[in-house]
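**Student:** One structure is given below, represented as structure tokens, and several questions about it will come after.
Nothing in this text is a laboratory measurement; each read-out follows from the coordinates by a stated rule. Note that this is a predicted model, so its numbers are computed, not measured. Ideal geometry is used to build each Cβ from the backbone, glycine not excepted, and the neighbour counts take in all protein chains shown.
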Amino acid sequence: EIAYQIGLISKSGTQRVMKYAFELAKKKDMKRVTSVDKANVLTNIYGLWRDVFKEISTQYSDIETEFTFVDAITMWFVRKPEWFKIVVTPNMFGDIITDLGAMIQGGLGIAAGGNINPEGISMFEPIHGSAPKYKDKSIANPTATILAGAMMLDCLGESKVAKAIDNAVEKVLSEGKVRSRDLGGDSSTIEVGDEVVRKLKEVKIK
């Protein structure tokens, strides 16, 4: 038996996601964009991906650029995750490395994600998806959902409020007094949420 599957990448779609990556770097004042592919094996598909990345990068001379293969970035995510600022990748590779990134930062319970439409409505969610088995038990970590809300606010132009929420969550996590089960604690969903609210009230929105 033999099986094969054809991969497709359009130039227009690639231009769109590259443009968004560089605009996001500009908005966040992050001076590096990393492109992820597997151009050493799938030369046609990811050759186009690289060509478009180079083309778009010429419009942003103040932003540093680099290429990396998907297998290499998984190693560097573990070894030196702080190196990366904005990472742009095709869907399949992005699906893989975002789960790795989630575990590096502390687990799926604190990882938020967004399905971004730069020209329309976007959707934000915790990347762990639904967890029906935890219904009515108040043991799920609400942090990812809270941070997804912060991402939504940032996308809607409420960047100061979003930053305040991020700071409140960061304080709760760094203090470690209130922790859900997935982070080694015994606090309930409600207790974690209430603690974030308390910290948020202490944060000054500038």
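**Student:** Sort S187, S180, S122, S57 so the one with the fewest other Cβ atoms within 10 Å of its own Cβ comes first.
**Tutor:** S122, S57, S187, S180
**Student:** As a quick test, which of the pairs K11/K54; K160/K199; K80/K204 have an alpha carbon distance above 24 angstrom in this structure?
**Tutor:** K80/K204
**Student:** Peptides 164-174, 123-133: what's the order by average Cβ count within 10 Å, highest mean first?
**Tutor:** 164-174, 123-133
**Student:** A further question follows. If each of N117 and V41 carries a label point 7 Å out from its Cα toward its Cβ, how far apart are those two points in nm?
**Tutor:** Roughly 3.4 nm, to one decimal.
**Student:** Next question. Using the 10 angstrom Cβ neighbour count as an exposure proxy, how do M18, M92 rank, fewest first?
**Tutor:** Sorted ascending by nearby Cβ count, the order is M92, M18.
**Student:** A follow-up question, please. Please compute the contact order of region 108-206 in relative form: average sequence separation of alpha-carbon pairs under 8 Å and at least six residues apart, divided by the residue count, as a percent.
**Tutor:** 26 percent
**Student:** Just want the answer: with Cβ charges of +1 for Lys and Arg and -1 for Asp and Glu, which residue in S35, A102, V196 is farthest toward the dipole's positive end in the chain?
**Tutor:** V196
**Student:** From the backbone phi of region 125-142, what are the Karplus-calculated ³J(HN,Hα) couplings (6.51 cos²θ - 1.76 cosθ + 1.60, θ = phi - 60°) in whole Hz, Gly and Pro given as x?
**Tutor:** 6, x, 6, 6, x, 7, 9, x, 5, 9, 4, 6, 9, 6, 10, 6, 7, x
**Student:** Continuing with this model, one more query. Can you put T189, T89 in order, fewest other beta carbons within 10 Å first?
**Tutor:** Fewest-to-most Cβ neighbours within 10 Å comes out as T189, T89.
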